Amino acid sequence: MSTPAALPGSPFLSWRGAQLEIEGHALDALAHEHGTPLFVYSRAAMRHALASYTRALAGRRHLVCYAMKANSSLAVLQTFAEAGCGFDIVSVGELERALAAGGDAKKIVFSGVGKRPDEMRRALEVGVKCFNVESLGELQSLSEEARAMNVKAPVSLRINPDIDPKTHPYISTGLQGNKFGIAHKEAVTAYRVAAGLPGLDVVGIDCHIGSQITEIGPYADALDRLLDLVEAIEAENIGIRHIDIGGGLGITYTDETPPEAETLVGQVLARIDARGHGKRELLFEPGRSLVGNAGVLLTEVLVTKHGTPKNFCIVDAAMNDLLRPALYQATMGIVPCIRRTGTGALYDVVGPVCESGDWLGRDRKLAVQPGDRLAVLSAGAYAMAMASNYNSRPRAAEVMVDGKQVHLIRERETVRELFARERLINS
C-alpha cells in the first residue's frame with residue numbers, strides 16, 4: 001500500500017497513489033455518492049488547528065472565540081462548541097446559529113458595526129459575554145436598550161489602531177479609512193462616555209486589523225497601541241478586565257507562509273507580559289485559520305473548451321458557490337480528485353454563471369476530460385458562508401468527515417426550495 005503524500009496547508013489532505021483523500025476517504029468517491037458541487041470538511045483538521053491556539057494559551061485566563069462568519073454551518077459550530085470555544089458573532093442570525101449548535105451565550109462576543117435594536121435585545125436576553133462596540137452612537141443605543149430591560153450591557157470598545165495589516169484592501173479593517181472601530185485618538189474619550197452611560201458595564205478593549213494576515217509585525221504594532229490605551233484608560237479610573245486581540249491569521253492557499261498560531265500567540269503573550277498585563281483575561285477571535293484548510297470544494301468537469309488565446313475548463317461549481325476568486329481575485333489550489341497521466345493543458349477553470357468574473361482559477365495546468373472531478377483546496381472558510389443562489393442555482397451540499405465516519409451535514413438545496421417563499425400576484 002502506498003504512503004499518503006500530504007498537500008500544503010493540511011496534514012489531513014493527501015495523495016494515495018493517484019487518489020486524493022481527506023482523512024483517508026477518497027474525494028472522488030464522496031463526489032460520486034453525494035454529487036457536486038460538494039463541500040467536504042475534515043473535523044480532525046479543525047481540531048488540529050484549534051490545538052495550536054490552546055497549547056499556547058495553556059495556563060492563561062483566556063477564551064478562543066471562533067469567528068463564525070468564516071463558516072457558520074451548524075456541524076462546524078458544534079465541533080468548536082464541543083471543544084469549549086466561544087463565538088465571535090456579527091448578527092442575530094449568527095447568535096441563533098451558535099446557540100442552536102450548543103454554544104454557550106456567556107462565551108459569545110457580539111461584534112459588528114451596525115447592530116439593530118432587536119439584535120441588541122436578543123443578545124441581552126440570552127446574556128452574551130460582551131458587545132464589541134464600534135461607535136459612540138452604538139454606545140448610546142445599547143445603553144438605552146439595556147436600561148429598558150433593567151440590565152447592564154457588558155461592553156468592550158473596538159479600537160481602530162490605524163495599522164496596515166498588509167493584506168487585500170477588502171479584508172483590511174484596522175486602517176484609518178476603514179469603517180470599523182473607534183479611532184485610536186478618540187478612544188479615551190469614548191471610554192469616558194461609555195463609563196458614564198447608565199446601561200453599560202465597561203469590561204474590555206479589542207481590535208481586529210484584518211484577515212489573511214501572514215506576518216506577526218502588524219499584530220505586534222496593533223498590540224502596542226492597544227496596551228498604551230489600556231494604561232491611559234485605567235488612568236481615568238475605568239477598569240479593563242479583558243484584552244481581545246481579534247483574529248485574522250492567514251493560511252496557506254498556494255505559497256503563503258503564515259506563522260503558526262502557536263508562534264503568534266507566544267509572541268503576543270510575551271509582549272503582554274513585558275508590559276505587565278499578563279494577568280488579564282485574553283480573547284482571540286480566529287476564523288479562517290481554524291477552518292480554511294479543513295475544507296475542499298468538489299466540482300465536476302462539464303466540458304473543456306479549447307481556443308485562442310484561452311482554454312476553458314467549465315465545471316459545475318461557480319462564483320455563487322465560491323465567491324473569493326471573483327471578489328478578492330483570490331488564488332486557490334485546484335487539483336484533480338484522480339490524477340491522470342499526460343501533460344494536460346493550461347486552462348482557466350470557470351463555472352456556468354453568466355458573468356465573465358465567474359472563475360475559480362486562472363492558467364491552471366490540468367489533464368482533464370468531461371466527467372472528471374476537481375478539488376478546490378482551502379475552501380473551508382468564506383465559501384459556503386458567502387454562497388448565494390445567483391442564476392437560481394441551489395446551494396451545494398456539505399459533508400463532514402470524522403475519522404471513519406462521513407456525515408451529510410447539509411442537504412443540497414432543491415430548485416423548488418429557491419422560490420418556496422415567493423408569491424405570485426393574484427390578478
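The values are calculated or read from the model by the stated rules, or taken from the named source; none is laboratory data. Since the model is a prediction, treat every value here as computed from it, not as a measurement. Neighbour counts are summed over all protein chains in view; Cβ atoms, including those assigned to glycine, are modelled from backbone coordinates with ideal geometry.
Name the single residue that is surrounded by the fewest Cβ atoms within 10 Å (Cβ to Cβ) among those in segment 79-90 being of a type outside the set (A, V, I, L, M) and touching a strand residue (DSSP E or B) at 6+ places or on another chain (Cβ under 9 Å).
Applying the first criterion (of a type outside the set (A, V, I, L, M)) to segment 79-90 yields 79-80, 82, 84-88.
Keeping just the survivors that are touching a strand residue (DSSP E or B) at 6+ places or on another chain (Cβ under 9 Å) gives 79-80, 84-88.
Details: Thr79: 25, Phe80: 25, Gly84: 12, Cys85: 24, Gly86: 25, Phe87: 29, Asp88: 30.
Ranking the qualifying residues of segment 79-90, first place goes to Gly84.
Taking the condition within 26 Å of Ser111 (Cα to Cα) and in the same structural domain as Ser10 (by TED's automatic domain parsing), does Leu302 pass?
Taking the combined requirement at face value, the residue does not satisfy it.
Residues are listed down the side, and each one gets a yes or a no for (1) in contact with a Lys or Arg (Cβ under 9 Å, 6 or more places away or on another chain); (2) within 23 Å of Thr54 (Cβ to Cβ); (3) not hydrophobic (A, V, I, L, M, F, W, C):
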| position | (1), (2), (3) |
| --- | --- |
| Leu200 | yes, no, no |
| Gly204 | yes, yes, yes |
| Ala220 | yes, yes, no |
| Asp224 | yes, no, yes |
| Leu229 | no, no, no |
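Which pairs do you get when a residue that is without any contact (Cβ under 8 Å) to a residue 40 or more places away in the chain, found in segment 12-26, comes within reach of a residue that is surrounded by fewer than 20 Cβ atoms within 10 Å (Cβ to Cβ), reach meaning Cβ atoms under 6 angstrom, with the pair 6+ apart or on two chains?
Ser14/Pro4; Ser14/Ala5; Ser14/Ala6; Arg16/Ser2; Arg16/Pro4; Gly17/Ser2; Glu21/Ser14
Identify the single condition in (1) farther than 20 Å from Leu223 by Cα; (2) in contact (Cβ under 8 Å) with a residue 40 or more places away in the chain; (3) in the same structural domain as Val268 (by TED's automatic domain parsing); (4) buried (at least 18 other Cβ atoms within 10 Å of the Cβ) that Ser156 does not satisfy, given that it satisfies every other one.
(1)
Residues checked against (1) surrounded by fewer than 16 Cβ atoms within 10 Å (Cβ to Cβ); (2) under 22 Å from the mean Cα position of the chain (by Cα); (3) assigned by TED's automatic domain parsing to the domain that holds Gln329; (4) farther than 24 Å from Ala294 by Cβ:
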site	(1), (2), (3), (4)
Gln369	yes, no, yes, yes
Ser378	no, yes, yes, no
Ala381	no, yes, yes, no
Arg395	no, yes, yes, no
Gly403	yes, no, yes, no
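Please work out which one of (1) surrounded by fewer than 21 Cβ atoms within 10 Å (Cβ to Cβ); (2) in contact with a Pro (Cβ under 6 Å, 6 or more places away or on another chain) is the condition Ala235 fails and give its number.
It fails just one condition, (2).
Specify which of the listed residues (Ala51, Ala58, Ala100) is surrounded by fewer than 17 Cβ atoms within 10 Å (Cβ to Cβ), closer than 14 Å to Pro286 by Cβ and more than 16 Å from the chain's Cα centre (by Cα).
Ala51
Across segment 109-135, which residue is nearest to the chain's Cα centre (by Cα) among those that are surrounded by fewer than 22 Cβ atoms within 10 Å (Cβ to Cβ) and among the small types (Gly, Ala, Ser)?
Residue satisfying both the conditions and the ranking: Gly112.
Does any residue of segment 298-310 turn out to be at pLDDT 95 or above and within 27 Å of Leu50 (Cα to Cα)?
Yes; the residues of segment 298-310 include at least one that is at pLDDT 95 or above and within 27 Å of Leu50 (Cα to Cα).
Can you tell me which residue in segment 238-248 is farthest from Ala294 (Cα to Cα), limited to those that are of a type in the set (Gly, Ala, Ser) and surrounded by 14 or more Cβ atoms within 10 Å (Cβ to Cβ)?
Of everything passing the filter in segment 238-248, Gly246 is farthest from Ala294 (Cα to Cα).
Scan segment 67-77 for residues that are over 20 Å from Thr263 (Cβ atoms) and touching a residue at least 60 places away in the same chain (Cβ under 8 Å) and jot them down.
Pass one, segment 67-77, residues over 20 Å from Thr263 (Cβ atoms): 68-77.
Those that are over 20 Å from Thr263 (Cβ atoms) and touching a residue at least 60 places away in the same chain (Cβ under 8 Å): Met68, Lys69, Ala70, Asn71, Ser72, Ser73, Leu74, Ala75, Val76.
Hey, among Asp228, Asp201, which residue is over 30 Å from Asp255 (Cβ atoms) and either polar (S, T, N, Q) or surrounded by 15 or more Cβ atoms within 10 Å (Cβ to Cβ) (or both)?
Details: Asp228 fails: either polar (S, T, N, Q) or surrounded by 15 or more Cβ atoms within 10 Å (Cβ to Cβ) (or both).
Unique residue meeting the criteria: Asp201.
Quick one: which residue in Lys69, Lys106 is among the basic types (Lys, Arg), part of a helix (DSSP H, G or I) and over 19 Å from the mean Cα position of the chain (by Cα)?
On the way: Lys69 fails: over 19 Å from the mean Cα position of the chain (by Cα).
Answer to the selection: Lys106.
Yes or no, residue by residue, for (1) farther than 30 Å from Met319 by Cα; (2) in contact (Cβ under 8 Å) with a residue 24 or more places away in the chain; (3) assigned to a helix (DSSP H, G or I):
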| site | (1), (2), (3) |
| --- | --- |
| Phe39 | no, yes, no |
| Ala44 | no, yes, yes |
| Ala49 | no, yes, yes |
| Ser52 | yes, yes, yes |
| Val64 | yes, yes, no |
| Thr79 | no, yes, yes |
| Asp88 | no, yes, no |
| Glu94 | no, yes, yes |
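Read through the list (1) closer than 15 Å to Tyr53 by Cβ; (2) at pLDDT 95 or above, then give the number of the only condition that Pro258 fails.
Here Pro258 clears every test but (2).
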